[in-house]
Structure formats: structure tokens, C-alpha cells
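Have a look at the structure below before the remarks.
The values are calculated or read from the model by the stated rules, or taken from the named source; none is laboratory data. On a predicted model such as this, the values are computed, not experimentally measured, just so you know. All Cβ positions, even for glycine, are placed from backbone atoms using ideal geometry, and neighbour counts span all protein chains on display. Ligands, DNA and RNA are stripped out before the accessible areas are found, and what is left, the full protein with its side chains, is counted by its heavy atoms. Shrake-Rupley method; radii C 1.70, N 1.55, O 1.52, S 1.80 Å.
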Amino acid sequence: DTGLNIRDVSFAYGDVSPALRDGEGGGKPVVSGITFGLPAGKVTALIGPSGSGKSTIADMLLGLLEPTQGKILADGVEIGAQNRRRWRDQVAYVPQDVFLLHDTIAANLRLAAPQAGDDDLWSALRAAHAADFVERLEHRLGTVVGDRGVRLSGGERQRIALARALLRKPSLLILDEATSALDWQNQSLIAKSIDGLRGRMTILTIAHRPSMIAFADWVVAIENGRIVEVGQYQRLKQKS
Ligand code: ADP
Ligand code: ADP
């Protein structure tokens, strides 16, 4: 169980499809020869300014984009054409703007655990280490989310999405600015729950602000598609 290895990976949108070309610079790489690892069971943070290539890297790790150069290995096996589909089943992704069905909270969770009835939804949540995220919503699982139901807080929406992601029992969990829009109390509460997942799966947390990644074991900082710094959070903090 070695986690993920990103080896000399580059990506250019214009090389993939001319339709994705974004103005004149579309053909130039937005990720350039990056090499880093996501150690199994650890929390790695990827930080960098907007447009530095973070989401592009996430999409490659999720098996949604193919590197134009270099390779990505999961537990030593390259993610390629033959196993990309299977790999997608092993990853879970939580963005900043989560998608929730306009249905009950339980129905939203059951999207990721279709076989779980009302009674065994909690056992499924516990087995997936997801219960912590929705414990405070326990009495509201039948509440309808959305325009015709209650308007949940941003924190509640993220918790439901996180629990739903965990129900898939991913080996890699990617949080893409997943808590960036929340106030610091909600951020630190969710960070605490994520902390409890350490050792159970490989986690990549993506943020543009360093304050969001204090719980990471390891930090990779990028700018303009290149790695500018790799190290432990405390050490990076002392330098900045
Ligand atoms: P970040 O997540 O750090 O904000 P992105 O990976 O979204 O960065 O973007 C990196 C660069 O790639 C930016 O310059 C962005 O404009 C460009 N980019 C993103 N998506 C596309 C696309 N579909 N076509 C062309 N360029 C894109
Ligand atoms: P803003 O667009 O300024 O963030 P909104 O009024 O759209 O504020 O949303 C306020 C809060 O309600 C946010 O936390 C948002 O995530 C949440 N929210 C928005 N739409 C819905 C919805 N259909 N159901 C439940 N919660 C929602």
C-alpha cells in the first residue's frame, strides 16, 4: 500500500482537444513536470493560487483527465486505459459547491449506499467512518433538502456530501476547496472529523489558503503548474 505517485506529469488542455483550447495560450501546459506522492493513509495538502493547476491535478488523480506526459501510479500500478474505470470507483471527490438532490438527507446518503434501508443506513455510515459527519443531523434524515424543503447551512451541506463520499469507501478522498466557503468554526469542526480518517484512506485536500491545511501531514505548494515547495505544514508556516 504505497498510495499515489505522480511522476513527471504534465498536462496541456490544447493537446487533449482543440475544443478545450482557451484562447491563444490554450496549447501550453498548465501542469509542467510535477512529481510528488500521496502517501497511503496520510493527509496531503495541495496549495497554490487560483489558476495554478490544482483542479487539473485533481481531475488527473480522479481518472477524468489523462496526463499528456508522465504517469500516475496507484499502489505501484499505473492508471491507464485498462484500469481507469475501476480506479474511478475507488476515488471520492468533494468540491466547494456540492450537488445535493432535492430530496431527503437520507436519500442523498443512500445515493452512495443504494442497498441500505432506513434501519441500516447508520450501520453503513459507521462502517464507512462517515457517521461523525452527520451525527448532528441524526434527527433530520427525513428532512427534505432544497427549494421546497429546508435550506441547510453550508456546513451541513458539506457534511452530507462528505458522508456520501465516504459511503463509497474510497481509497483516495479528494477535498477540492471543500470547506473554503465555510466560517472558521465549521472549518475546524470538519477538519477534526477529517483528522479521524487518517490512516483509513489516502486524503488529498486542495486549498488556496494555508489556514485550511493545518491538519495535513504533508504540503505540496504549486504555482503556474510547477511545484515550488514541499514540506511539513509547520516548517512552511515558519518560512512564510
Ligand atoms: P486551479 O484549480 O489551481 O484554480 P486549474 O487547474 O483550474 O487551476 O487551472 C489551471 C489553468 O488551466 C488555468 O490557467 C486555467 O485557465 C486553465 N484551464 C482550466 N480548465 C481549462 C480548459 N478546459 N481549457 C483550457 N484551459 C483550462
Ligand atoms: P449565497 O449564494 O450568498 O451563498 P444562498 O442564500 O444561496 O447564499 O445560500 C445560503 C446558504 O444556503 C448557503 O450555505 C447555501 O449552501 C445554502 N443553500 C443554497 N441553496 C440551497 C438549497 N436549495 N437547499 C439547501 N441549502 C441551500
Restricting to the stretch 60-92, name every residue that is touching a residue at least 60 places away in the same chain (Cβ under 8 Å), surrounded by fewer than 20 Cβ atoms within 10 Å (Cβ to Cβ) and in a strand (DSSP E or B).
69, 70, 71, 73
Mind counting the residues in the stretch 117-140 that are part of a helix (DSSP H, G or I) and either in contact with a Gly (Cβ under 8 Å, 6 or more places away or on another chain) or within 16 Å of ligand 1 (Cβ to nearest atom) (or both)?
1
How many residues are within 15 Å of ligand 2 (Cβ to nearest atom) and of a type outside the set (A, V, I, L, M, F, W, C) when one looks only at the stretch 169-199?
7
Taking the conditions exactly as written (on the phi > 0 side of the Ramachandran plot, at pLDDT 90 or above and within 16 Å of ligand 1 (Cβ to nearest atom)), does residue 225 satisfy them or not?
yes
Condition (residue is within 16 Å of ligand 1 (Cβ to nearest atom), open to solvent by 30 Å² or more (accessible area, probe 1.4 Å) and either modelled with pLDDT of 95 or more or small (Gly, Ala, Ser) (or both)) applied to the stretch 169-179: is it met by at least one residue?
no
Give all pairs with beta carbons closer than 6 Å in which a residue from the stretch 152-165 that is more than 17 Å from residue 183 (Cα to Cα) and away from ligand 1 (no atom under 16 Å from the Cβ) meets a residue that is small (Gly, Ala, Ser) and in a helix (DSSP H, G or I); count only pairs at least 6 apart in sequence or on separate chains.
none
Please go through the stretch 141-168 and pick out each residue that is in contact with a helix residue (DSSP H, G or I) (Cβ under 8 Å, 6 or more places away or on another chain), more than 12 Å from ligand 2 (Cβ to nearest atom) and at pLDDT 95 or above.
162, 163, 164, 166, 167
Residues that are open to solvent by less than 30 Å² (accessible area, probe 1.4 Å) and in contact with a strand residue (DSSP E or B) (Cβ under 9 Å, 6 or more places away or on another chain): does the stretch 130-142 have at least one?
yes
When residue 96 is evaluated against the numbered criteria (1) touching a residue at least 40 places away in the same chain (Cβ under 8 Å); (2) more than 15 Å from the chain's Cα centre (by Cα), which criterion, by number, is the only one it fails?
(2)
Extreme residue, most open to solvent (accessible area, probe 1.4 Å), among residues of the stretch 107-129 that are under 19 Å from the mean Cα position of the chain (by Cα) and of a type outside the set (Gly, Ala, Ser)
111
